[in-house]
1. Whether any residue in segment 250-259 is of a type in the set (Val, Ile, Thr) and at pLDDT 90 or above is what I want to check.
2. Can you find even one residue in segment 163-171 that is modelled with pLDDT of 85 or more and either within 17 Å of the chain's Cα centre (by Cα) or surrounded by fewer than 16 Cβ atoms within 10 Å (Cβ to Cβ) (or both)?
3. Checking VAL36 against (1) of a type in the set (A, V, I, L, M, F, W, C); (2) under 20 Å from GLY132 (Cβ atoms); (3) touching a Gly at 6+ places or on another chain (Cβ under 7 Å), which single condition isn't satisfied?
4. Could you say which residue among GLY61, GLY37 is of a type outside the set (A, V, I, L, M) and more than 16 Å from ALA6 (Cβ to Cβ)?
5. How many residues are touching a Lys or Arg at 6+ places or on another chain (Cβ under 8 Å) and free of Cβ contacts under 8 Å to residues at least 40 places away in the same chain when one looks only at segment 61-90?
6. Say whether the condition of being modelled with pLDDT of 75 or more and surrounded by fewer than 20 Cβ atoms within 10 Å (Cβ to Cβ) is met by at least one residue in segment 176-188.
7. Considering only segment 40-99, how many residues are under 26 Å from GLY117 (Cα atoms) and assigned to a helix (DSSP H, G or I)?
8. For ALA24, all conditions in the list (1) surrounded by fewer than 18 Cβ atoms within 10 Å (Cβ to Cβ); (2) within 19 Å of ALA125 (Cα to Cα) hold save one; what is the number of the exception?
Amino acid sequence: MRILTATDLSAHSSRALARAFQMAADTHAELKILHVGDDDGLEVARTQLAVELERNRAWSGVDASMVAVAGDPKAEVAGLARSWGADLVVMGSHHPDRRKPGAFTHTLAGETLQQLGCPVLLAEAPVEGSHGTAVVGVDFSVFSRTAIRAAARFAPRAMLHLIHAYQVPFASWMLDKSYSQDFAYAERLEFDEFIAEEMATQRERAIAGGVPVGSIQTHLREGNATEILRAIVKETGATLAVVGTHGRTGIARLLLGSVASDLVDNPPCDVLVVPMVIQANKKA
């Protein structure tokens with residue numbers, strides 16, 4: 001595995017740097033540090049980076065290579081991630097003063113995600129050890145499997161909480177007194193059974209994929225997906241939220257797209273954003 005982290009030597013970037021070292025230690029990944037700046041300041045930047053690298057190496061036991069170049073940060077990050085074959089890009093979250101709906105797509109991390117289709121981790125919280133608890137938003141589509149695999153891969157020590165938030169599709173029927181109460185109740189039972197079975201399938205697939213039986217819990221809750229995911233982050237003390245970007249199918253776009261957008265615009269903890277794109281089969 002290869003992890004790339006970009007730093008501008010700010011406090012937010014230092015947090016991302018520490019998280020990258022921690023994740024590299026947990027996953028035995030290769031780690032590369034990139035700084036993009038002006039020609040005039042590169043020598044000073046290299047000196048500062050060397051100090052940062054040595055400090056993080058001392059506590060993590062991880063060696064990292066360093067690249068400091070002049071140029072456009074967006075082009076350099078995307079170019080190095082692509083040429084090196086990075087599996088994950090770790091960056092600091094954007095400054096709280098600049099957080100508003102839709103802001104993430106215009107950040108370096110947001111544009112990197114769009115250009116590469118590579119998982120991006122936004123480091124929001126101070127690093128106090130490995131990710132011990134992670135929440136994963138699922139919608140029962142094939143895209144959910146990608147998010148779960150990414151959570152297990154990049155946070156191998158975490159307890160995974162799989163979360164599905166749902167809206168009852170026939171709730172309005174139950175409010176209609178002219179509608180058969182018995183039939184509405186039967187429909188509700190059938191719906192509850194369906195989502196319970198689907199969540200059980202997600203859990204079984206995760207276990208089959210290598211997630212330990214004791215390291216996965218499931219949550220089914222009725223309500224707004226974003227609000228519920230944020231609530232469970234708080235309830236569990238999760239340090240990582242894993243979400244997918246909107247996919248190519250309606251259900252993934254509906255249930256995961258808006259959730260991912262909200263979380264990256266105002267992250268409650270570290271957020272791992274996983275591209276939900278199915279590669280088309282290539283003809284021989």
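1. Of the residues in segment 250-259, the ones of a type in the set (Val, Ile, Thr) are 251, 259.
Still in the running and at pLDDT 90 or above: none.
No.
2. yes
3. (2)
4. Working: GLY37 fails: more than 16 Å from ALA6 (Cβ to Cβ).
Matching residue, one of GLY61, GLY37: GLY61.
5. 5
6. Let us first name the residues in segment 176-188 that are modelled with pLDDT of 75 or more, namely none.
The answer is no; no qualifying residue exists.
7. Looking only at segment 40-99, we keep the residues that are under 26 Å from GLY117 (Cα atoms), and these are 64-96, 98-99.
Right, trim to assigned to a helix (DSSP H, G or I) and you get 73-84, 96, 98.
Adding up the residues that qualify gives 14.
8. (1)
The values are calculated or read from the model by the stated rules, or taken from the named source; none is laboratory data. Note that the structure is a prediction, hence the values are computed from the model and not measured. Every residue, glycine among them, receives a Cβ derived from its backbone with ideal geometry; neighbour counts consider all protein chains shown.
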